[in-house]
Amino acid sequence: MTTEVSTETVTVTVDDIEVTVPKGTSILEAARKAGIDIPTLCHHPDLPDAGVCRMCVVEVDGQRNLQASCAFPLTDKVEITTHSPRIHQARRDVLDLMLSEHYGSCRTCVRNGNCELQDLAAQYGCDYVRFGHKTKATSCIDNLGPSIVRDMDKCIQCLRCVRTCAELQGIGALGVLGRGSTTEVGTYLDIALSEVNCINCGQCINRCPTGALSAVDNTDLVWAAIKDPTKHVVIQTAPAPRAGIGEEFGLKPGTPMTWQMNTALRRVGFDKVFDTNFSADLTIIEEGTELLLRLYKNLVLGDTSQPVPQFTSCSPGWIKYIEHQYPEYLPNLSTCKSPQQMFGALIKTFYAKKNNIDPKDIVSVSLMPCTAKKFETTRPEMTDSGFADVDFALTSREIAKMIKEYGLDLPDMPKSDFDDPFGTASGSGVIFGATGGVMEAALRTVVELVLGIKVEDLFEHADIVPVRGFEGVRYVEIQIPDKVGPVPAILADLVPDWNWLKGATLKVAVAHGTANAEKVMEDIKAGGKFSECHFIEFMACPGGCLGGGGQPIPTSEAIRQARANAIYGEDAAYGEEGRARKSHENPPVMKLYEEFLTDGPCGHISHHLLHTEYTNRGTFIATKTKKES
Amino acid sequence: MTVRTPMTLASIEADAGLKAALALDAPGVVAEVKDSGLKGRGGAGFPTGLKWELAAAAPSSDGKRYVICNADEGEPGTFKDRLILSEWPDLLFEGMTIAGYAIGAQEGIVYLRHEYAYMIEALEGRLERRRKAGLLGDGILGKKDVSFDIHIHLGSGAYVCGEETALIESLEGKRGEPRNRPPFPVVSGLFGKPTTVNNVETFAWIAAILGKGAKWFSAIGTERSKGPKLLSISGDVERPGVYEFPFGVTIAELLKATGGEKAKAVIVGGASGHCLPPSDFSRAIAFEDVATGGAVIVIGPNRDLLDVVENIMEFFVDESCGQCIPCRIGNVKILEGIKALKKGECSSEQLLDLTGLGDTMQVSSKCGLGQSSPNVFLSMVRNFGHEILDRAPASA
Ligand SMILES: Cc1cc2nc3c(=O)[nH]c(=O)nc-3n(C[C@H](O)[C@H](O)[C@H](O)COP(=O)(O)O)c2cc1C
Ligand code: SF4
Ligand code: SF4
Ligand code: SF4
Ligand code: SF4
C-alpha cells in the first residue's frame, strides 16, 4: 500500500535493470516491477508499511546504511542493489534473531506449510540457530474467546496485526506493549482479546505471517459428532468459502468449488449439506419487509421508534463493532438474525419436525468464511430454537483441513447439488458473499415488490452494478418512478399501498471494513449525507465475506477480486441455467412461508425464530450482555 | 556538574543576535548560518544552515512550520545541555526565535528531558519575560509581521525520544518510536509539516553567530568542524565536568586538562560512541575524525572493559524502542555474549557471529539507536582484541 503516488515518474535501476515508476513508489514495488524479488515479513499489500522487520534491506547508492525497501519512496534517479555481502549477512542475521526468540514446533503448528517465517528460514539457509533458541514458552496462550487464539511465543512482532486492526479495521484492539527487550504485541491492559473491544473479524489472522494468530479450531468436536451414530450432523455452507477454498488445494484464487465441495462434505460424513443462501434469500424477504415497514412507519405514520437508515445485521463482526463503538445506533440495526443463525433456528425446528428428528440429536454445523461467526454461535440471543441454533461454525480453513484429513482432493470430487428441503438458493443468495451483495439482493426484491415490474427493466440482467466494487464506501441513489405496483399478497397485512413511495429517491450505501464503517457512522453522527440514507449495508471485512477472517491465507486485493469474480460469475450462471436470481423467486423460501412461517415476513413466528436484538458493550473493555450476566 | 573552562556562551550579549537577524531577510539569516559552518551539536553533525534551508523550501499546505529544540539529553555521560538550560536559557530561546524567522515558523517547542522537569518553572518564567519584552509573541522587536512563540513539552522519559522522529511522534501523542526516513522532518515533521529539530547547544551557538558574525565562528575549529564545542567529560578523571574546547582538540589534550592521563581507553560519544585505545589518543575531536555529541567517558587502567560494555548494553536492551528486529533482539544477544565472555564461555566462533551481528545492526537498524548501540562493543573487540579474546575459550 503506497500512500502518496504522483503522476510524475522516476527511472531507477535495480540490479542494473532500468524501471520507471510513479514518484513515491517504494523500492520494493519498483524491484518487483523489474521482476526482482526482495524478501519481506512486515510488509503486506493491504497495509501501510512499518519498515520494522528489516528483511527487505537493500543498498541504495549514496546511502551509508542499508535501507528498508518497503518504506523507501523513490523520488530521484538512484541505483539500487538487492544483493551484496552485507545484505546477505543482514537478512540471515535478522532471521536468526527471529528464530532465537521463536518458541513453537512447526510439526504441530496450524501454519505448517503456509508460514512466511518457515519459508524464509528455508530459503535463506538457516541451518542452525546461531543465536540460540528458546527452550520454553514465555507467554500464556490466549484462547479464552470463541474466535481467536493468540500464541505470542510465535510472534515475530511484524506488527501486521496491529496495523490491520488499527488502520484497516479502525479498532485498535491490538497494540504494542512495553519497551526494549520486553516489547510485545498485546491488548489494552494486556487482558484476553475476548475481554476487549475486538470484534472477532479475524482480519489480523489473515495477515499474520506465522502461527501466532489463529482461529479457534472446532474440527475435533465436529469429528466427534460425525463419529457418534446417535447424532444427525448437518452442515450449511455459506457462499464465500466456495470461492476461496480451492486455494487450500493449490487452485488459483477465484476457482469456485461449490458442487465438488457438496460431495466432499458428504464423504467426510455430514448427513446433509444445505445451502446458507437459502436463508440468505429468507433474510432478504425478512429484511426487505422490515425496511419497507420502517420506511412506512417513519415517513407516513411518523413513528420513529425504529429509525432510518436501517443497517444490515448479517455481519457478526459489524454487529459487535456497533455494539462497542456506536451503541446509540443499535435501534437502526435490522432485527434480522444473520443467515447462519436463521438457518440454525429453522434446522432445529422446521427441519427437525418435518423429518421427525429430535432436535437434541441434531448437530448443526456451518461452513463460514468468518471467525466472528464462531462468536455469533455463542451469543445467548441465538438459542430461540430451544437449543444452540448453530453448534459449530467452521472456517474455510477448518473444512479444508477436514477434507484433506479424509484423504480427499477437493478439485477431483464429482459434482453434486445441495440437499432438500432447502434446495438450491437464488443468485441473490450467492452474492451475499461480496461487499454490496446484500444491498443488491435486497434491491432486486424491494424494487420488484414495490414497483410490480422486473428489475431487469431498470438494470440490465438485474445486475445492479453501482453497488458493486471494492470502493470502501459507496453511495447510490435509485429513483422510484411515479408508477408503483399493487401491494403483493405476502405483504398485504402490513402496508395499505405504495403511493407514498411514488417518485421518491431511494438512497442507499455500502461500506466494508470497519474503518470504512467508521467513516459512514461519523458522517451520520455529523448529520451528513449518509444520515439521509434509507438503507446501509455494512460488512466488517474488507471485500465482504469473501475476504473474511476464516478464508484461506494469504489475502490481497487481487485475491479478493478473483473471489468476487467467482461469486458474481456463479450468480450470472444461475441466470443462464434458468435458476432463480431473486430471493422472492426462490421456491423453497416461498414454500416455507406457506408451511411454517404462516403469519408471513416479520410475523410472530418469524419474529420469535429469525429476529433478535443487540447489546450495548463498553468502548474498550467488553461488558457482558444482559443475558450473560 | 562543574564548569571547568571559561565559557564563550557566558559572554554573549543578550538579543544582539536576534536584532541582527531581524535586520536581515530570512534567506539572509540562512546564508549567515551556512557561512558560519555550524554543524548540529546533537551528535549527527548535520549542517544547520542547510537543514533550515530545506525546511524553509519544503512546501506546507497551510504555511505551518515548526522549530523544535531537542532538550532530551538522554545520552549517558552527557550533561552539557543542562548547563545551557540552567545558565543561559535565553540564548536557546533567542536561537529558536531566529530559526523561526529563518524558516517561516511561528511555533517553537522545547522537548525537555523528563528528568529536567524541575527546570520548567524557571524556563516558563524566562519565556514570560521574553513575551513581555516583545522578544516573543506577535510583532517581535516591533516588527509587525514577525510572530513566534515557544512552549515547553515535558519528555516521556525514554532515551529513544531524543531521536528526532521519535521525538516528533511523542509530541504528536503517539508512542515514541522512530519513523522511516525519508521523508525527513524538514519535509514532513510534526503533524506532517516542515520541521527543524536542533539541539540545545546548536540554538545557543546560533544566537552567538548572529550576534558576533559568521566569520568570528568559522575562524574557530578545524577545516570541517567549526566553532567551539561543549564536552561533558566523566569517568576515571580527576576533574569531571563541562569543558569548552575548539573543535580539533586531541583526546590527549582532553585527558591532560581533566587529569585522566592514566586512561587505558576513552569512549567518545557516550554509550553509542567508540572505545579508543591509547594509540588513538592523538586523534582530534571533530566530525572528520572522532565525532561526538559531547560525551567523553574516560576508562581508567583498573577497570574491566567488559564491565563497562555490559553496563552499556544493559542500557540499550532496555532503551531500544523494540520496533525493529536487529535492535530489539540484537542488543540482547550481544549482552548475552558479553556475559558469556565474562564467564569464559563464549567461543571465538560465537564472538565472530556477534561482531557480524553488530555490523548488521549498524547498517540495518531502523534508527540511530540500533545503528550505534553496538559501537562500543565492536570498537572494544577491534581495539582491545587481546583483552577480550583472552576471555574466550580456545575452540575445540
Ligand atoms: C537514540 C538517539 C537519541 C538521541 N538523543 C538526542 C538528544 O538527547 N539530544 C539531541 O539534541 N539529539 C539527540 N539525538 C540526535 C537527534 O536525532 C537529532 O539528530 C538532533 O536533535 C538534531 O539536532 P542538531 O542538528 O542540532 O544536532 C539522538 C539520536 C538518537 C538516534
Ligand atoms: S509459526 Fe511458522 S515457524 Fe513457527 S512453528 Fe509455526 S510454522 Fe513453524
Ligand atoms: S479479530 Fe479483528 S478486531 Fe480482533 S484483533 Fe483481530 S483485527 Fe482486531
Ligand atoms: S501476532 Fe502475527 S501479525 Fe501480529 S505482530 Fe505477531 S507475527 Fe506479526
Ligand atoms: S533501532 Fe532500536 S530504537 Fe531504533 S527503531 Fe529500531 S528498535 Fe527502535
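The values are calculated or read from the model by the stated rules, or taken from the named source; none is laboratory data. Quantities reported herein were computed from a predicted structural model and do not represent experimental measurements. Backbone-built Cβ (ideal geometry, glycine too); neighbour counts: all protein chains shown. Just the protein is used for accessible areas: all its heavy atoms, side chains included, with ligands, DNA and RNA removed. Shrake-Rupley method; radii C 1.70, N 1.55, O 1.52, S 1.80 Å.
Scanning region B:144-155 for residues that are surrounded by fewer than 17 Cβ atoms within 10 Å (Cβ to Cβ) and either part of a loop (DSSP other than H, G, I, E, B) or at pLDDT below 95 (or both) turns up B:Lys144, B:Asp145, B:Ser147.
Within region B:50-83, the set of residues being assigned to a helix (DSSP H, G or I) and either open to solvent by 30 Å² or more (accessible area, probe 1.4 Å) or touching a helix residue (DSSP H, G or I) at 6+ places or on another chain (Cβ under 7 Å) (or both) comprises B:Leu50, B:Lys51, B:Trp52, B:Glu53, B:Leu54, B:Ala55, B:Ala56, B:Ala57, B:Lys80, B:Asp81, B:Arg82. Looking across region B:336-366, the residues that are in a loop (DSSP other than H, G, I, E, B) and at the interface with chain A (Cβ under 10 Å from one of its Cβ atoms) come down to B:Ser365, B:Lys366. Look at region B:52-65: where a residue is among the hydroxyl-bearing types (Ser, Thr, Tyr) and a partner is surrounded by 19 or more Cβ atoms within 10 Å (Cβ to Cβ), sitting 6+ places away or on another chain with Cβ atoms under 7 Å, you get B:Ser60/B:Lys193; B:Ser60/B:Pro194. For region A:149-184, taking the residues that are of a type in the set (Val, Ile, Thr) and within 16 Å of ligand 2 (Cβ to nearest atom), the one that is nearest to B:Phe315 (Cα to Cα) is identified as A:Ile156. Residue by residue through region B:301-335, note down the ones that are among the polar types (S, T, N, Q), within 8 Å of another protein chain (Cβ to nearest Cβ) and over 19 Å from B:Arg175 (Cα atoms). Within region B:301-335, just B:Asn331 meets the criteria. Taking region B:21-33 as the range and being open to solvent by less than 40 Å² (accessible area, probe 1.4 Å) and touching a residue at least 12 places away in the same chain (Cβ under 8 Å) as the test, the residues that pass are B:Ala21, B:Leu22, B:Ala26, B:Val29, B:Val30, B:Val33.
Only residues that are outside any loop (DSSP other than H, G, I, E, B) and open to solvent by 20 Å² or more (accessible area, probe 1.4 Å) were counted across region B:34-49, and they come to 4. Of the residues that make up region A:199-213, is at least one more than 24 Å from A:Cys109 (Cα to Cα), in contact with a Ser or Thr (Cβ under 6 Å, 6 or more places away or on another chain), more than 14 Å from every other protein chain (Cβ to nearest Cβ) and at pLDDT 95 or above? Among the residues of region A:199-213, not one is more than 24 Å from A:Cys109 (Cα to Cα), in contact with a Ser or Thr (Cβ under 6 Å, 6 or more places away or on another chain), more than 14 Å from every other protein chain (Cβ to nearest Cβ) and at pLDDT 95 or above, which makes the answer no.
Scanning region A:393-435 for residues that are within 14 Å of the chain's Cα centre (by Cα) and open to solvent by 10 Å² or more (accessible area, probe 1.4 Å) turns up A:Arg397, A:Phe432. Checking B:Gly173, B:Gly211, B:Gly137, B:Gly162 one by one, the residue that is closer than 30 Å to B:Val249 by Cβ, modelled with pLDDT of 95 or more, more than 15 Å from ligand 1 (Cβ to nearest atom) and in the same structural domain as B:Val67 (by TED's automatic domain parsing) is B:Gly211 and no other. Just one of the numbered conditions (1) in contact with a Ser or Thr (Cβ under 8 Å, 6 or more places away or on another chain); (2) in the same structural domain as A:Lys373 (by TED's automatic domain parsing); (3) not β-branched (Val, Ile, Thr) is not true of A:Pro229: (1). Among the residues that make up region A:106-129, is at least one of them out of contact with any helix residue (DSSP H, G or I) (no Cβ under 9 Å at 6 or more places or on another chain) and over 28 Å from A:Ile36 (Cα atoms)? Checked against the condition, which is being out of contact with any helix residue (DSSP H, G or I) (no Cβ under 9 Å at 6 or more places or on another chain) and over 28 Å from A:Ile36 (Cα atoms), region A:106-129 yields at least one hit. Of note, B:Leu123 does not satisfy the criterion of being open to solvent by less than 70 Å² (accessible area, probe 1.4 Å) and within 23 Å of B:Cys321 (Cβ to Cβ). Considered as a group, the residues in region A:62-79 that are over 36 Å from the mean Cα position of the chain (by Cα) and closer than 28 Å to B:Cys321 by Cα include one that is least open to solvent (accessible area, probe 1.4 Å), and that residue is A:Leu66.
Conditions tested, residue by residue: (1) in contact with a strand residue (DSSP E or B) (Cβ under 6 Å, 6 or more places away or on another chain); (2) farther than 22 Å from B:Gln371 by Cα.
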| position | (1), (2) |
| --- | --- |
| B:Val268 | yes, no |
| B:Ser272 | no, no |
| B:Leu276 | yes, no |
| B:Ser282 | yes, yes |
| B:Ala286 | no, no |
| B:Gly293 | no, no |
| B:Val298 | yes, yes |
| B:Asn302 | no, yes |
| B:Leu306 | no, no |
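Residues in region B:173-197 that are of a type in the set (D, E, K, R), touching a residue at least 12 places away in the same chain (Cβ under 8 Å) and open to solvent by 40 Å² or more (accessible area, probe 1.4 Å): B:Arg175, B:Arg179, B:Arg181.
Just checking, which of A:Leu117, A:Leu97 is open to solvent by less than 30 Å² (accessible area, probe 1.4 Å), within 12 Å of ligand 4 (Cβ to nearest atom) and outside the structural domain of A:Leu193 (by TED's automatic domain parsing)? First the steps, then the outcome.
On the way: A:Leu97 fails: within 12 Å of ligand 4 (Cβ to nearest atom).
Checking each option against the conditions leaves just A:Leu117.
Going by the conditions given, is A:Thr187 open to solvent by 40 Å² or more (accessible area, probe 1.4 Å), more than 14 Å from chain B (Cβ to nearest Cβ), farther than 22 Å from B:Asn331 by Cβ and of a type in the set (Ser, Thr, Tyr)? No: the conditions fail for A:Thr187. Every listed requirement among (1) within 14 Å of chain A (Cβ to nearest Cβ); (2) among the hydroxyl-bearing types (Ser, Thr, Tyr); (3) more than 30 Å from A:Gly180 (Cβ to Cβ) is met by B:Ser282 save one, (1).
Here the condition is being touching a strand residue (DSSP E or B) at 6+ places or on another chain (Cβ under 6 Å) and either within 14 Å of chain B (Cβ to nearest Cβ) or loosely packed, with under 13 Cβ neighbours inside 10 Å (or both); of A:Thr108, A:Thr82, it holds for A:Thr82 alone. Condition test on A:Gly132, is it at the interface with another protein chain (Cβ under 8 Å from one of its Cβ atoms), at pLDDT below 95 and open to solvent by less than 40 Å² (accessible area, probe 1.4 Å)? Considered against the rule, which asks whether it is at the interface with another protein chain (Cβ under 8 Å from one of its Cβ atoms), at pLDDT below 95 and open to solvent by less than 40 Å² (accessible area, probe 1.4 Å), A:Gly132 comes out as yes. Scanning region A:156-176 for residues that are within 21 Å of A:Gly104 (Cα to Cα) and either within 16 Å of ligand 1 (Cβ to nearest atom) or assigned to a loop (DSSP other than H, G, I, E, B) (or both) yields A:Ile156, A:Gln157, A:Cys158, A:Leu159.
For B:Leu369, the criteria (1) more than 10 Å from chain A (Cβ to nearest Cβ); (2) more than 29 Å from B:Phe184 (Cβ to Cβ); (3) open to solvent by 10 Å² or more (accessible area, probe 1.4 Å) hold in every case but one, which is (2). Among all residues of region B:109-117, there is at least one that is closer than 21 Å to B:Leu9 by Cβ and open to solvent by 50 Å² or more (accessible area, probe 1.4 Å). Can you tell me which residues in region A:155-171 are open to solvent by 30 Å² or more (accessible area, probe 1.4 Å) and more than 14 Å from chain B (Cβ to nearest Cβ)? Residue satisfying the conditions is A:Leu168 alone.
Looking across A:Gly104, A:Gly125, one residue alone is modelled with pLDDT under 95 and within 34 Å of the chain's Cα centre (by Cα). It is A:Gly104.
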